[in-house]
Each structure stands twice: as C-alpha cells, then as structure tokens.
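This report concerns only the one structure given below.
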Amino acid sequence: MSAARDGGARPTLLVIIASTRPGRVGGAVGEWVVEAARVSSEFDVEVADLQELALPLLDEPAHPRLRDYRHDHTRSWSAQVDRADGIVIVMPEYNHSFTAPLKNALDYLVQEWDGKPVGLVSYGGLAGGARAVVAIQPVLANLGMRGIHANVEIAWVAEHLVDGAFVPTDRHDRALAAQLAELATLLA
Ligand SMILES: Cc1cc2nc3c(=O)[nH]c(=O)nc-3n(C[C@H](O)[C@H](O)[C@H](O)COP(=O)(O)O)c2cc1C
C-alpha cells in the first residue's frame, strides 16, 4: 500500500492504459476513465500509459519479489505503483487475452501490487474484452490484488468513437460510476 494516508487525504487511484500500438483506441477510453475518476472527487488520479512508459521486456536480473532493482525505469515504475492505493486497468482484448505490454508491466513488480483493489475496464468486439478479463484474473490473484465486482466491458468499441474521442452510452457511464464507487468504498 502507499505510505499511510493523512487523515482525510484522498486515496490515489492509478489508471493503467494497457495498449501501446499507434492508432490505438486505448488512449480515448483511458481519457474517459481518468476524467470520470477526477470528476468523482474521490481520488487523486495518476495515469500510467504503457505507451509512454515504454518499459523494455523485463530486464531485471533479480526476482522482482526482492525489490533489488538495477534500472531506473523499474525504480520509477515501482514508485508509481507504490503510491497507488487502488488500480484501474484499461485494456483491450488481443487474441482472446490481455496485452503483452500489460503482462510485462505486471511482471516487473510483486510487493507493489499486493493487496490493492483493481477494477478492469475492458473493450473489444462482441465480447467486450470479457475473455481478456478471464485471462488476467489468475495473474492479478497471484500478485495478491483484490478483484472487485464492478468491471466495465465495452463491446464494439470502435462504434463509440467520434473524432477520436470515446463517447460512452448511459450504460457505460453507469458501469464506470459503479466501479469507481466500489473502489472509493473499499479505499475509504
Ligand atoms: C493484435 C490484435 C488482436 C485482437 N484480438 C481481438 C480479440 O481476440 N477479441 C476482440 O474482441 N477484439 C480483438 N481485437 C480487436 C481489438 O479489440 C480492437 O482493435 C481494439 O481497438 C484494440 O484496442 P487498442 O485500439 O487500444 O489497441 C484485436 C486487435 C488486435 C490489434
């Protein structure tokens, strides 16, 4: 967990954007999530855009549970995840699973993830990223993260883009509000 919060301080929510390809939809979906989290006034919101972070394929010699990091990119990623009290992962479905950059980013750390509640915002075609959600759950559980009830699944995501921005339906907005409310309750 992050260092003990002062009384009344808001919890820090880290929004991880898990797609990295040029022309991705993930940035637009991520902006919707970040904006809603900020407007809720429940959290201090941080963003980890894996495209910007550009972590190399795991290049630490020691097992990450030892926290014996050799590279600045690992120390900086470790510090960002450490600051977070809760996590939201914005993730597409690729080949019925979650993205390789996301697996790599998760694999970099161990203790930093432990005990943190995590909400998933998945998207894709007909299944709305549901198979990616099922695929990532054992990974998150192994890292000690706490899955929540209110995940958000966005089917046919490309149909909800206007001029590059994600335009949610009322259902999307309600699902995201429920997720943020559950996280806020857990982190209160
Ligand atoms: C490599 C790749 C594999 C994909 N596999 C799936 C899939 O298994 N299921 C699905 O619903 N959509 C699949 N899609 C479609 C993506 O959900 C859609 O392109 C989405 O916009 C990808 O997210 P991104 O734009 O943020 O990268 C795939 C897309 C890519 C690029």
remark   = Subset of region 67-102, residues in contact (Cβ under 8 Å) with a residue 12 or more places away in the chain and out of contact with any Ser or Thr (no Cβ under 9 Å at 6 or more places or on another chain), comes to H71, H73, T74, W77, S78, Q80, V81, I87, V88, H96, S97
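Looking at region 123-137, which of its residues are touching a Lys or Arg at 6+ places or on another chain (Cβ under 9 Å) and near the ligand (Cβ under 9 Å from one of its atoms)? Please lay out each step first, then the result.
Filtering region 123-137 down to residues touching a Lys or Arg at 6+ places or on another chain (Cβ under 9 Å) leaves 124, 136.
Passing the criteria: only G124.
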ask   = How many residues does region 144-172 hold that are buried (at least 19 other Cβ atoms within 10 Å of the Cβ) and away from the ligand (no atom under 14 Å from the Cβ)?
value = 4
task = Write out, first by first residue and then by second, each pair whose Cβ atoms fall under 6 Å of each other, whose residues are 6+ apart or on separate chains, and whose first residue, in region 126-150, is more than 16 Å from D107 (Cβ to Cβ) while the second is more than 16 Å from the ligand (Cβ to nearest atom) and not hydroxyl-bearing (S, T, Y).
result = R146/P117; I148/P117; I148/G119; I148/E182; A150/A178; A150/Q179; A150/E182
note = Being under 15 Å from the mean Cα position of the chain (by Cα) and in contact (Cβ under 8 Å) with a residue 40 or more places away in the chain narrows V15, V34, V45 down to just V15
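Take P117 and tell me if it is at negative phi, surrounded by fewer than 21 Cβ atoms within 10 Å (Cβ to Cβ) and in contact with a helix residue (DSSP H, G or I) (Cβ under 8 Å, 6 or more places away or on another chain).
Considered against the rule, which asks whether it is at negative phi, surrounded by fewer than 21 Cβ atoms within 10 Å (Cβ to Cβ) and in contact with a helix residue (DSSP H, G or I) (Cβ under 8 Å, 6 or more places away or on another chain), P117 comes out as yes.
Every number in this text was worked out from the coordinates using simple rules, so none of it is lab data. These numbers were taken from a predicted model, which means no experiment stands behind them. Heads up, the Cβs are rebuilt from the backbone with ideal geometry, glycines too, and the neighbour counts pull from every protein chain shown.
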